[in-house]
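Below: one structure, written as structure tokens.
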Amino acid sequence: MRIGVAVNPASGRGRGGMLGQEAFRVLKSYAVEIVDLSGQSARQALASCKDAVASNRIDALLAVGGDGMVHLGVDAVAGTGLPLGIVAVGSGNDIAREFRLPILNVSNSIHQVMSSLFGERSRATDVMEITGSHGTTHALAVLSAGIDAAINSRTNLLNWPKGNLRYLRATGEELANYQTYGVRIEIDGVAHAGPATLISVANTRFVGGGMNIAPTARTNDGQLDVVVAYVPNVRTVASLLPLVYLGKHVASPLVHVIRGRHIRICEDRQMGGPAPLAMADGEEIGHLPLDIRCLAGGLELLV
């Protein structure tokens, strides 16, 4: 059996490389052939993974890192039937949290993955196919296109503090420049237009290191939860944000959840300010407009 391993050694100021070496050491205790698909950047690693998948050089792919590396692995194997394993050692680990996988424990993660692989236990999981000016990519968790995307993007630029505290700092800085965005959202052909603050298309529940943005989202129902909120002022936003950690924000009349299989998001400058760069699984995707489709059972996940 040939196991492809993808690590981004440049992540976490070199911490990704150290964790990758630990993963290789643990894997060597199993009777498998290890194929190193890491690169000096995430872009190089993705190219290596896609090439290995297309040429049938691996039987499974193991993504070692945070949600960004999982996103890379998902993009490489979505729709191919090749199973994906996760070693969650990032700062947010929202995808591992969704699937109740080990977090920040390389050894336990690999043992769980290999047990599932040898036992031929994988879960068919829905995945998002996202198309825009950037091309087509795949994501597993949440696509953000409102203040959630702006906060995510700002978080990625911060070097301190560590972990989820960066997200809190970014939230405070983004609220200081608060604005609403003008958007038009089509959900299975039904259009909704107006100003919006929060715009999330969710296949899983969590973002930002445990914020329960879409408490009713399920990864095996063939649908996506579109969470949209229009909040008129920063004071109301600040009072609503703490509720997101418990998933109680959806009870507010300012928040709407609509489910669908095909979502298109466009800017509407007559309704509000320009939308930020969209993010998915914590990674930059591109500017609106975007088409998002739910590919039911499009990913085999080792859980």
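The values are calculated or read from the model by the stated rules, or taken from the named source; none is laboratory data. Keep in mind the model is a prediction, meaning the values are calculated, not measured. No Cβ is skipped: glycine too gets one built from the backbone with ideal geometry, and neighbour counts run over all protein chains shown. Ligands, DNA and RNA are excluded from the accessible area calculation, which covers all protein heavy atoms including side chains. Shrake-Rupley method; radii C 1.70, N 1.55, O 1.52, S 1.80 Å.
For the range 83-144, the dipole from Cβ point charges (+1 on Lys and Arg, -1 on Asp and Glu) about the Cα centre works out to 180 debye, to the nearest 20. Write down the accessible area per residue of the chain in Å², having rolled a 1.4 Å probe over the full set of protein chains. Averaged over the residues of the chain, the accessible area is 43 Å². For the chain, a Gaussian network of Cα nodes joined below 10 Å ranks D59, D281, D94 by mean-square fluctuation, and the top entry is D59. Using heavy atoms of the protein chains and a probe of 1.4 Å, the accessible area assigned to F118 is about 100 Å². Helix 15-27 and the long axis of the chain differ in direction by around 40°, with both axes built from C-alpha atoms.
Across the options V228, I187, G298, the greatest Cα extent toward the positive end of the charge dipole of the range 180-303 (unit charges at beta carbon of Lys, Arg, Asp, Glu) belongs to V228.
The charge dipole of the chain, taken about its Cα centre with unit charges on the Cβ atoms of Lys, Arg (+1), Asp and Glu (-1) only, comes to about 620 debye. Considering helices alone, the calculated mean residue ellipticity of the chain at 222 nm is -9000 deg cm²/dmol, with DSSP H runs of length four and up weighted by -39500 (n - 2.57) and normalised per residue.
Taking only protein heavy atoms and a 1.4 Å probe, the accessible area of the chain is 51% carbon and sulfur.
For the chain, the longest principal axis of the Cα atoms and the long axis of helix 67-77 meet at an angle of about 70 degrees.
Packing-based ranking of 148-159, 193-204 yields 193-204, 148-159, ordered from highest to lowest mean Cβ neighbour count within 10 Å. Considering only alpha-carbon pairs that sit under 8 angstrom and 6 or more positions apart, the relative contact order computed for the chain is 21 percent. The order of H262, H138 by accessible area, most exposed first and with a 1.4 Å probe, is H262, H138. Compared with the dominant Cα axis of the chain, that is its longest principal axis, helix 42-54 is turned about 60°. For the pair the range 217-261 and the range 79-141, the centres of their Cα atoms are 24 angstrom apart.
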